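To keep things clear, I will list the structure first and then write my remarks on it.
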Amino acid sequence: MTAHVDQGDPTAVSKPDVSAENTRPTVSPGRRDPDVADISVRGLWKVFGTARTATRVPTTPELAAMSRSELRDRTGCLAAVCDLDFDVAPGEVFVVMGLSGSGKSTLVRCLTRLIEPTAGTITIQGEDITRMGDRALRELRRNKVSMVFQHFGLLPHRRVIENVAFGLEIRGMSRAERMRRATEVIELVGLDGYQQSYPEQLSGGMQQRVGLARALAGDPGVMLFDEPFSALDPLIRRDMQQEVIRLHREVGKTMVFITHDLSEALKLGDRILIMRDGRTVQVGTGPELVGAPADDYVRDFVREVPRSQVLTLEWIMREAVPADDMSGRELAPDVVVRDAVRAVLESTAPVKVVRDGRLLGVVGDPEILRVVAGS
Amino acid sequence: MARAARVYRRPGRLTLLLGILVGWLVLYAVLKGTDTISLAPSDVTSLHTRLNDLNTSVGDNRNSNPFFLYFINEIQVGATHFITFLQNLLSQPSGTRPVPVVGWLGVVVIMTVIAGRFGNWRVAVLAAAGFLFLGLQGLWQPSMDTLALTIAAVVICVLIGIPLGVLVAQYRGFERVITPVLDLMQTMPTFVYLLPLTLLFLIGPATGVIAMVIYAMPPVIRLTAHGLQAVSTETVEAGRSLGSTRPQQLAKIMLPMARRTIIIGVNQTIMAALSMVTIAALVAAPGLGQTVLQALESQDVGTAFNAGLAIVVLAVVLDRVTTAASERARATDHARTRLRADPRWRRGADLVALIVTAVAVYLSYTYQLFAAFPDHLAIGGTRLGLDLGTHIESWTSSATSWAQRDLGSITGPIKNGVTYHALNPLQNLLDSSPWWLTFIAIVATAFVLGGRWAALIAATCLGLVVGTGLWQDSMDTLAATLIATVVVVVLGVMFGVWMGRNARADWGIRPFLDALQVMPAFVYLVPFVALFGATRFTGIVAAVLYAAPVAIKIVADGIRGVPAETVEAAGSSGCSTWQVITKVQLPMSVRSLALATNQGLIYVLAMVVVAGLVGGGALGFDVVAGFSQSSLFGKGLAAGAAIVLLGIALDRVTQSAARRAGGHVSHRAT
């Protein structure tokens, strides 16, 4: 699933068949089957304001249709999350992207009811968490879903290992057992040797590794990330992104990742949900967003993205016409443009885009050059 | 009408105030001495007699009335038992033993070990030296009585205050309810609620400790709540996201993270409790307060100074130790000491400390020499005197008589100048005018300064003061308060501007201000009694010194709060330093000036009343007389009420005036 993330692999061009194993649907749907989905959100609302008015907003069509500023002027309520629907498949990295104030942090907190949603249902691994009592909710948080925070949320009075073991301590695990488990996780995130340090003795990146380890310690099925790397400087951020990719490959958790950084979203996300003023603007894979932005807002967002690194061949191919020289190489539709540049430009004949032996289209010099030149 | 009002410019506030003053003076000249309400010190009104009767009937019925039987008396008995227990432990003969359970050696070692364990070795040395000094002063037993009272009050404060702080942090509504109560507990002159408390809890140590608790509890509540609220929401969320229960969040996340702030709260509570020991002595609470009080009453400056010094030593030791403990509670420090304090090494040190303490306590339990602090040591044939106290007393006495004899030429004119040219005229104007004239003049002034509401409150309060029958004493107290406040504000502006503009001045002066604030109220009085005798002027000087640090700090913070860029802009447009101060910095810190005046007034009033003990006369004297003579109990109670009424009027009028000046004055923040 993470093939398009492995950029910078020059051998990808000569081994198109590796990519061809990927059977990504041409257009991934915004919704998947809820029976298979790990997380399934339907009609989710969070309206801040006095309880009586706030609960009326989702159920009153007139109010529900209003824009955020209109609603605030009219009722004094702030609609942080408006009528969201989405599904996250098991093992998927689902990114929610939006600018500050778009409601994305509220959304991720609603998922485990750190913030109580106003309306809608949230199903995690088959359980409707909006109906859960306190005890069941605690069990869910202890065992199934964990979260990584922007400013880490570590306990300054505890050592690294005690921070990592904190969730296990809360569950009531014995000291020896939780220390053993914490040591394992600390090794996994590359913090070996810092077990006895205090958080403030570590750099920001290392502190976030502690946060990551704490979230991993309980072996949850789902991990939520609330802008985990935006407090870090750019180089550290890149390392940490690689770390998440590596961890995802090793432990294969379902992840919901909040960010305001488009390049981070494209790098990590199998699918990306773009939020604006609490509403969904578009859900899709990186190439879908770049290749077919839903509106001007998204188009504006993706304008600066280097298209050749995101778009795949299926997005730039044209239909074959009888005049085409069909002696060119075959490549899979989800090969990233940048990795196909040499193959296309070196041969005189256009490259054939083929899935399962079926010809989907061709890519010639003009198509490639149009993307590379950034037009 | 509105348009007309706009055309005719209303006369300025200053003009109006001058008008009121001139009118008052003219009428005073004509009507002086008529319609005054005066009452000789031993005279009482019918209200006072009725209050006396109330006192008697409460005394008669306290063992039959269920409210007393099952509630008030229970508290009284419980507190008394607790104090007696601590006194048996530390200060008073216990059971059949002629000495307390733990003698001086045990106490010194316990304090040193606690200071070292929770603070650092430096404060451990300080604690040892300080407590030995108390013994050398010849004040071991009263010091331990004071320590016992302080411990009792602080333990009660912590046991009640921390849970309350937790509630305040968790429930918004509760915070709204309790904040005004805490404000009241801190701003009401401590002196005032002693007498009503004796009505309920009788004269004795229990009432003393309860008064200390009332005054000292707010800081620990406020700082506990503040510390808990300051815990980052994300950290709490992280705890919730891991599935912690509310008790787990509190115990494992919030309380540990707020630990340092809570310890600071305990520190302030200890300081507040200690500053009350002298006042608690008025209701027969034992200890150093008694010594100071008796010495002040007999004008024995040497003894008063020695005992006052002991209170300061106790305050400094307890302050430093708890401050060091709060520093240590910081996570950084935690981290820094990590390498040094290997857990095994640390456990070893604890064990050694425990054994040393046990041995010291055993020795002090068993041997007379280590139980009662010896006044001399006989080693071989030489006798080593340990009675530093008598030396201190005689030095002070001779210094006092020298000051009175040789400084009289300096202090005398100052005292007389202020007394004859400011205090007496103002006092005459206030109390020899017909009462209704003073009443009208004050209410009119309140109206000009603070508007309609302020005038209404002033009128109500003054009306009630008239009702107490203590109009003249109230006006005398008001005169002293006003004069002291003027001096406080002048000092506040002078030093505040200096400190606000000059970081080095701030660095140099601030420790002195801190020291003045930590010192218990009565201790101020001692040197001034020496210099100026038992007069009203002494009370004013003590009040100024008590209130000035607060005012100076507030002004300095206000001046520093003026944006540097604005000051630079003024400078770059050619302002002189004087112009920068008067045209930019002072006008922009008008809020701080108003707050400084308001707080200055409240502090001054509290101290002027205390000075009633040493010749300040007026309301303070009435309250004190209420403790000593049961026939004056009702009058004392009425005087307390008059003090509160004056305080409310002054507070409200200055607050409204401040709001009009463009700032909002909030109550003292701890």
Next item on the list: Considering only segment A:113-142, state which residues are crowded, with 23+ Cβ neighbours inside 10 Å and within 13 Å of chain B (Cβ to nearest Cβ).
Entry: A:ARG141
Check: Which of the residues belonging to segment A:280-313 are assigned to a strand (DSSP E or B) and either more than 17 Å from the chain's Cα centre (by Cα) or closer than 16 Å to A:PRO333 by Cβ (or both)?
Finding: A:GLY284, A:THR312
Checklist line | Residues satisfying the stated conditions in segment B:464-477, i.e. in a helix (DSSP H, G or I) and touching a helix residue (DSSP H, G or I) at 6+ places or on another chain (Cβ under 6 Å) | finding: B:LEU464, B:VAL465, B:THR468, B:TRP471, B:GLN472, B:ASP473, B:SER474, B:MET475, B:ASP476, B:THR477
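Within segment B:395-411, which residues are surrounded by 12 or more Cβ atoms within 10 Å (Cβ to Cβ) and either part of a helix (DSSP H, G or I) or aromatic (Phe, Trp, Tyr) (or both)?
B:TRP395, B:THR396, B:SER397, B:ALA399, B:THR400, B:SER401, B:ALA403, B:GLN404, B:GLY408, B:THR411
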Next item on the list: Among the numbered conditions (1) at the interface with chain B (Cβ under 9 Å from one of its Cβ atoms); (2) touching a residue at least 40 places away in the same chain (Cβ under 8 Å), tell me where A:VAL164 comes up short.
Entry: (1)
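Here are some residues: A:ARG329, A:ARG303, A:ARG299. Which one is of a type in the set (D, E, K, R) and closer than 15 Å to A:GLU367 by Cβ? Give the derivation first.
Working: A:ARG303 fails: closer than 15 Å to A:GLU367 by Cβ; A:ARG299 fails: closer than 15 Å to A:GLU367 by Cβ.
Answer to the selection: A:ARG329.
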Next item on the list: Working only within segment A:179-218, note down all residues that are within 13 Å of another protein chain (Cβ to nearest Cβ), part of a loop (DSSP other than H, G, I, E, B) and out of contact with any helix residue (DSSP H, G or I) (no Cβ under 6 Å at 6 or more places or on another chain).
Entry: A:GLN196, A:LEU202
Notebook entry, point to check: Applying the selection to segment B:563-615, what residues are touching a Ser or Thr at 6+ places or on another chain (Cβ under 7 Å) and of a type outside the set (A, V, I, L, M, F, W, C)?
Noted result: B:THR597, B:ASN598, B:GLY600, B:GLY615
Notebook entry, point to check: Which members of segment A:219-230 meet the condition of being crowded, with 24+ Cβ neighbours inside 10 Å and either within 14 Å of chain B (Cβ to nearest Cβ) or part of a helix (DSSP H, G or I) (or both)?
Noted result: A:LEU224, A:PHE225, A:ASP226, A:PRO228
Next item on the list: Return yes when A:GLY269 is within 28 Å of A:ARG342 (Cβ to Cβ), within 12 Å of the chain's Cα centre (by Cα) and modelled with pLDDT of 90 or more and no when it is not.
Entry: yes
Margin query: Is it the case, given these coordinates, that B:TYR546 is of a type in the set (Phe, Trp, Tyr), surrounded by fewer than 24 Cβ atoms within 10 Å (Cβ to Cβ) and in contact with a helix residue (DSSP H, G or I) (Cβ under 9 Å, 6 or more places away or on another chain)?
Written below: no
Next item on the list: Any chance you could count how many residues in segment A:50-82 are part of a helix (DSSP H, G or I) and of a type in the set (A, V, I, L, M, F, W, C)?
Entry: 6
Check: Residues of segment B:54-76 being in contact (Cβ under 8 Å) with a residue 24 or more places away in the chain and either under 18 Å from B:ALA372 (Cβ atoms) or among the β-branched types (Val, Ile, Thr) (or both), which ones?
Finding: B:VAL58, B:ILE72, B:ILE75
Checklist line | From the options A:ILE115, A:ILE129, A:ILE170, A:ILE122, residue that is under 29 Å from A:VAL41 (Cα atoms) and at pLDDT below 90 | finding: A:ILE170
Next item on the list: Look through B:VAL361, B:VAL352, B:VAL356 and report the one residue that is over 37 Å from the mean Cα position of the chain (by Cα) and touching a residue at least 24 places away in the same chain (Cβ under 8 Å).
Entry: B:VAL356
Checklist line | Residue match in segment B:274-281 (condition: outside any helix (DSSP H, G or I), crowded, with 24+ Cβ neighbours inside 10 Å and either in contact with a strand residue (DSSP E or B) (Cβ under 6 Å, 6 or more places away or on another chain) or of a type in the set (A, V, I, L, M, F, W, C) (or both)) | finding: yes
Next item on the list: Considering every residue within segment B:366-378, establish whether at least one is touching a residue at least 40 places away in the same chain (Cβ under 8 Å), at negative phi and touching an Asp or Glu at 6+ places or on another chain (Cβ under 7 Å).
Entry: yes
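Can you name the residue in segment A:151-161 that is of a type outside the set (A, V, I, L, M, F, W, C) and at the interface with chain B (Cβ under 7 Å from one of its Cβ atoms) and, of all such residues, is surrounded by the fewest Cβ atoms within 10 Å (Cβ to Cβ)?
In this case the residue turns out to be A:PRO156.
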Check: Out of (1) surrounded by fewer than 20 Cβ atoms within 10 Å (Cβ to Cβ); (2) at the interface with chain B (Cβ under 9 Å from one of its Cβ atoms), the odd one out for A:VAL145 is which?
Finding: (1)
Check: Quick check: anything in segment A:65-83 under 16 Å from A:GLY221 (Cα atoms), of a type in the set (Val, Ile, Thr) and in contact with a Lys or Arg (Cβ under 8 Å, 6 or more places away or on another chain)?
Finding: no
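Do you know which residues across segment B:186-210 are closer than 25 Å to B:TYR70 by Cβ, of a type in the set (A, V, I, L, M, F, W, C) and at pLDDT below 90?
Let us first name the residues in segment B:186-210 that are closer than 25 Å to B:TYR70 by Cβ, namely B:193-210.
In the following step, the residues that additionally are of a type in the set (A, V, I, L, M, F, W, C) were identified as B:194-195, B:197, B:199-203, B:206, B:209-210.
Once the filter is applied, which keeps residues that are closer than 25 Å to B:TYR70 by Cβ, of a type in the set (A, V, I, L, M, F, W, C) and at pLDDT below 90, segment B:186-210 yields B:LEU194, B:LEU195, B:LEU197, B:LEU199, B:LEU200, B:PHE201, B:LEU202, B:ILE203, B:ALA206.
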Notebook entry, point to check: Filtering segment B:103-140 down to residues that are surrounded by fewer than 20 Cβ atoms within 10 Å (Cβ to Cβ), free of Cβ contacts under 8 Å to residues at least 60 places away in the same chain and of a type outside the set (Phe, Trp, Tyr), which residue is farthest from B:PRO374 (Cα to Cα)?
Noted result: B:VAL125
Check: Quick one: is B:ALA441 in a helix (DSSP H, G or I), crowded, with 16+ Cβ neighbours inside 10 Å and small (Gly, Ala, Ser)?
Finding: yes
Next item on the list: Inspect all residues belonging to segment A:231-254 and state whether any of them is crowded, with 22+ Cβ neighbours inside 10 Å and within 14 Å of another protein chain (Cβ to nearest Cβ).
Entry: no
Next item on the list: Scan segment B:463-495 for residues that are more than 13 Å from B:VAL608 (Cβ to Cβ), crowded, with 19+ Cβ neighbours inside 10 Å and at pLDDT 90 or above and report the count.
Entry: 5
Next item on the list: Restrict the check to segment B:360-380 and report whether at least one residue is in contact with a strand residue (DSSP E or B) (Cβ under 7 Å, 6 or more places away or on another chain) and either surrounded by 15 or more Cβ atoms within 10 Å (Cβ to Cβ) or outside any helix (DSSP H, G or I) (or both).
Entry: yes
Notebook entry, point to check: So, of the residues in segment B:203-257 that are more than 9 Å from every other protein chain (Cβ to nearest Cβ) and touching a Lys or Arg at 6+ places or on another chain (Cβ under 8 Å), which turns out to be farthest from A:ARG141 (Cα to Cα)?
Noted result: B:GLY227
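The values are calculated or read from the model by the stated rules, or taken from the named source; none is laboratory data. Because the structure is predicted, anything quoted here is derived from the model rather than measured. Methodologically, a virtual Cβ is constructed for each residue, glycine included, from the backbone with ideal geometry; neighbour enumeration extends over all protein chains shown.
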